[in-house]
Amino acid sequence: MNELKVTGVMHFANRPHLTYTLCDTQYISLRPLVDQIGLDWRTQKKGLLSDDSVLFYGTLLLKDGEILQAACKYDLKNDLSPSYSSEEPHKIAIFCTENEQKDTVFVQLKRVYMYLARISLGHVKGTGGNESSGQYLLSLQEEWAHALYDYETTGIAIKTTHAKMKSDDLKNLVAVCRTKNQTEGQDDRKMLSSVMRELAEKLGHPYQADLLDES
């Protein structure tokens, strides 16, 4: 029997949320995320179990330590439930731990940002949601709106924070190269070469060991 296993962490507003993998597909438990934002869970769960949402998000249920494919009138056509359409959920895996979790559902990790983008900020404020999480969500939705416009009009969207990180890494690599060229001690040169290798690989340019200057 397949198992939904913990395989990573996603952060939202500086709070970690476990991510899981089942048959090469990543998932996230939505109850903790919904609670953090301050939305009503019963309302959110009802929406996530609609046929359209099950098809789009790949919604899975957790019941008594078992993972169930949520009922859906559409033909899901996925690796977990090939050609599945039913008015009743069915067991597809077991959960990775016996620890009791709050009533929750799992959605595909690659779709969770679309879920967040669809949350009404007015609804968050109207239900007395978490103000700081609401402000963080607003900043994300503004960023995603710009990125979507860029993608649809120019064919490419660049995350500015990632671009800045790459720029900083490149500056650091150049600085380390200069420092190494001015360093005579063999131990220090080897240490700097190791740092250069890590930075180069982080930038997507594997460092060639045969070109290292160890003289």
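Annotations
- Close contacts from the range 138-154, counting a first residue that is of a type in the set (S, T, N, Q) and a second that is part of a helix (DSSP H, G or I), with Cβ to Cβ under 6 Å and a gap of 6+ residues or different chains, come to Gln141/Ala117.
- Verdict on Ser83 being loosely packed, with under 13 Cβ neighbours inside 10 Å, within 19 Å of Tyr57 (Cα to Cα) and modelled with pLDDT of 70 or more: no
- Filter result for Leu48 (under 16 Å from Lys102 (Cβ atoms) and at pLDDT 95 or above): yes
- Here His17 qualifies as modelled with pLDDT under 95 and buried (at least 17 other Cβ atoms within 10 Å of the Cβ).
- Scanning the range 6-37 for residues that are in contact with a helix residue (DSSP H, G or I) (Cβ under 9 Å, 6 or more places away or on another chain) and either acidic (Asp, Glu) or not in a strand (DSSP E or B) (or both) yields Ala13, Asn14, Leu30, Arg31, Leu33, Val34, Asp35, Gln36, Ile37.
- Members of the range 50-79 found to be under 15 Å from Arg111 (Cβ atoms) and not in a strand (DSSP E or B), listed by number: Ser50, Asp52, Ser53, Val54, Leu55, Phe56, Tyr57, Gly58, Thr59, Ala70, Leu76, Asn78
Per-residue answers, yes or no, for (1) at pLDDT 90 or above; (2) under 30 Å from Pro89 (Cα atoms); (3) not assigned by TED's automatic domain parsing to the domain that holds Asn14:
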site	(1), (2), (3)
Glu100	no, yes, no
Tyr113	yes, yes, no
Glu142	yes, no, yes
Ala147	yes, no, yes
Lys164	no, no, yes
Leu170	no, no, yes
Arg197	no, no, yes
Leu212	no, no, yes
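The values are calculated or read from the model by the stated rules, or taken from the named source; none is laboratory data. A quick note: this is a predicted structure, and the numbers were derived from the prediction, not measured. Backbone-built Cβ (ideal geometry, glycine too); neighbour counts: all protein chains shown.
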